[in-house]
Every structure is written in structure tokens, then in C-alpha cells.
């Protein structure tokens, strides 16, 4: 089964970050300016946070899938990582949407519910077979609200 076959994009929801909404995915190419390195996607930046500071340069190249795999090779303190991974993801997504074009596209989703529907069985960051926490979708909606509030605050 392919994501494109089950995705729903309408006036109420964007369920599945594919097709015209592929840019919502953390795999979308964009420059993320980190503290010491620039990363080629939000996925790269997120995965780099799993590595010791002196190894984060490893995440400045390659595909997002390669970065995801590399991130899984580090011996993490699971409790410590679990305690901070949502704030790391929020930071990566905020950095992604500093890009004016991407910020404009995110704002254009209006108040639609954003769901990281997937076929790769991720029920934490997304939704698989109708089950999941959709943490990435909630973070995207939060960042959208922050961008909208900052525009209102500038007026």
C-alpha cells in the first residue's frame, strides 16, 4: 500500500504528507541552520541531536533516510532522549519554517488538521492504520499558529 492511495486532502484535513503536501514531511529538502552546522532537512537536524556534538557534522550530507538510519546507530540514554525528543522536533520544525516560502505554504493550510498519516508503522509521530499520537502533525499546527500570531503581532 502506498501513502498516496490512502491520503486525504480536503478543506478540513491534510492527512498524509505526499503529493502537493510533500513539503510538510521532515524529509523535504530545506536548509536548517543549526548552532554549529547546516542540515539539508528537518530530519537531518532531528537525527543529529541524537549524536554527540563532535559527530553532528555527519548529518550535513546524505539523504533524510540515511540520516534517520545513522541516528539509530548512536547508543542513547533512552530515558533522556525520550524526555527531550519532542522539544528537539519542535525546534527542527520551527527552523524549517523560518524559510518564508515554506512559512507561507504552512499558513495557507489555514486551520486544517494536519496528520502525518503513514504506511511505515509510526504511531508516535504519525498515524498508522487509524492509530497514532500524530506528534508531528500537532507540532506543525503549533508552528503554524506561532507564525500566524507573529504576523498579527507585527501589525
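Taking 38, 77, 145 as the candidate residues, the one with maximal mean-square fluctuation in a Gaussian network model of the chain, Cα springs under 10 Å, is 77.
Looking at the P(r) of the range 1-58, how many percent of alpha-carbon pairs lie beyond 17 Å? List each step's numbers first, then the result.
Details: 824 of 1653 pairs.
The calculated P(r) of the range 1-58 puts 50 percent of pairs beyond 17 Å.
Pairwise Cα separations in the range 92-155 fall into 5 Å bins from 0 onward with the following percentages, short to long: 4, 18, 24, 21, 16, 10, 4, 2, 1. For the range 40-93, the convex hull spanned by the alpha carbon atoms encloses 69 Å³ per residue. Computed extension length for residue 133-residue 38: 31.3 nm, one decimal, from 0.36 nm per residue of separation with the Cα-Cα distance subtracted. Here the chain is treated as an ellipsoid with the same Cα gyration tensor; its semi-axes, largest first and in whole Å, are 25, 20, 14.
Values quoted throughout were computed directly from the atomic coordinates according to the rules given, and no laboratory measurement underlies them. Everything quoted here is computed from the prediction, not taken from an experiment.
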